[in-house]
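Accompanying notes for the structure given below.
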Amino acid sequence: MRNGSLSIVLLAAAASLGLMLSVGKHQPSVVLLLMFTIWVASPFVGLVWVHRRALSRSASGQRAASWLMCLVSAGSVATYAVLAFLVHVAKPAGPFLAVPLLSWLVIGVWSAMLARKAA
């Protein structure tokens, strides 16, 4: 599942960025679009970091990391897909700001729990 979860993260990152670009296609500011791209992609970079850290952990730690990676990835893509295909709002930036923030919070809590368990 380890390699599969890394593949899921990479696919989810590509899907999330594609959905973000689709929703923001009428955005005239290239700088704002670039900032959103960095922000939306950042949790996936964090998940790759989680994957690398988990390689030195026990089998249960690796499984927990794989689940974390899959759940955060799936939640992100699902939220962005709903926004892109089902819900049409005038200003759709909110979820593209909130989902990465929540993802980072989950990654942070997981990392703190892992550090506490190792101590």
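Taking a span of 27 Å or more along the helix axis (Cα atoms) and a mean Kyte-Doolittle hydropathy of at least 1.0 as the rule, the DSSP H helices of the chain that qualify are 2-23, 30-54, 93-118. In this Cβ point-charge picture (+1 for Lys and Arg, -1 for Asp and Glu), the chain has a dipole of about 400 debye about its Cα centre. Each of Leu71, Val109, Ala98 was placed along the dipole of the range 2-118 (beta-carbon charges, centred on the mean Cα), and the one lying farthest toward the positive end is Val109. Listed options for volume of the Cα convex hull per residue in Å³ are (i) 101; (ii) 116; (iii) 90. The value calculated from this structure is the one marked (iii).
Taking packing as the residue-averaged number of other Cβ atoms within 10 angstrom, the listed peptides 56-67, 81-92 run from highest to lowest as 56-67, 81-92.
Every number in this text was worked out from the coordinates using simple rules, so none of it is lab data. Source: prediction; values computed, not measured. FYI the Cβ positions are ideal-geometry reconstructions off the backbone, even for glycines, and counts take in every protein chain you see.
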